[in-house]
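The values are calculated or read from the model by the stated rules, or taken from the named source; none is laboratory data. As the structure is a computational prediction, the values presented were derived from the model and not from experiment. Backbone-built Cβ (ideal geometry, glycine too); neighbour counts: all protein chains shown. We work out accessible area using only protein heavy atoms, side chains counted, and drop any ligands, DNA or RNA first. Shrake-Rupley method; radii C 1.70, N 1.55, O 1.52, S 1.80 Å.
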Amino acid sequence: MFSYDPIHRVVVCHLCRSCVVPGLRSQERHLRAKPHRLTGDTLKTTAQLLNSYDLRTVEELREHKPGARAECRPIEHLASYDGFYCQQPECDFSTRHRLRIREHMSAVHEIKAKEHEKSPLWKECKLQTYFTAKGCIDYFVVVD
């Protein structure tokens with residue numbers, strides 16, 4: 001049902017295919033919600049187990065997020081998505097949406113997206129994110 005990844009210091013929920021947000025209250029909220037619906041002693045014991053791991057905070061995960069060129073291995077049981085990453089130097093932007101990568105090139109690098117036809121500006125890839133809740137999505141590139 002859950003597994004701990006010591007490299008990233010996260011707990012992955014196999015059913016949700018997402019990481020459980022650190023902190024006892026967040027973990028209890030996750031366990032009470034669908035599809036788990038845990039209550040009573042089962043809820044308490046499971047939450048205590050999850051809270052016993054050495055987990056990074058959401059802020060630490062953002063700070064230590066693998067860069068696009070880091071060749072990070074996929075985290076087992078965490079959902080993977082097709083996406084794109086920016087190939088400009090010093091840029092780790094990634095997204096699941098072709099339109100967003102095109103907008104990124106223009107807005108951030110002041111390069112017209114049609115220049116991609118002449119020389120690759122972005123690359124297709126596999127992405128993962130620790131959390132899937134709105135406002136917490138922060139993709140990173142993974143390589144098999």
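For segment 50-59, a tally of residues being without any contact (Cβ under 8 Å) to a residue 24 or more places away in the chain and open to solvent by less than 90 Å² (accessible area, probe 1.4 Å) returns 1.
Among residues belonging to segment 84-110 that are of a type in the set (Ser, Thr, Tyr) and touching a residue at least 24 places away in the same chain (Cβ under 8 Å), point out the one that is surrounded by the most Cβ atoms within 10 Å (Cβ to Cβ).
Within segment 84-110, the match that is surrounded by the most Cβ atoms within 10 Å (Cβ to Cβ) is Ser94.
Considering segment 124-142, and only residues there that are at pLDDT 95 or above and open to solvent by 40 Å² or more (accessible area, probe 1.4 Å), the residue that is farthest from Arg98 (Cα to Cα) turns out to be Lys126. Screening Ala113 against (1) out of contact with any helix residue (DSSP H, G or I) (no Cβ under 7 Å at 6 or more places or on another chain); (2) at pLDDT below 95; (3) surrounded by 12 or more Cβ atoms within 10 Å (Cβ to Cβ) leaves a single unmet condition, (1).
If you go through segment 14-36 one residue at a time, how many are in a helix (DSSP H, G or I) and surrounded by 15 or more Cβ atoms within 10 Å (Cβ to Cβ)? Count: 5.
Counting only residues that are modelled with pLDDT of 95 or more and open to solvent by less than 40 Å² (accessible area, probe 1.4 Å), segment 62-83 holds 4 of them.
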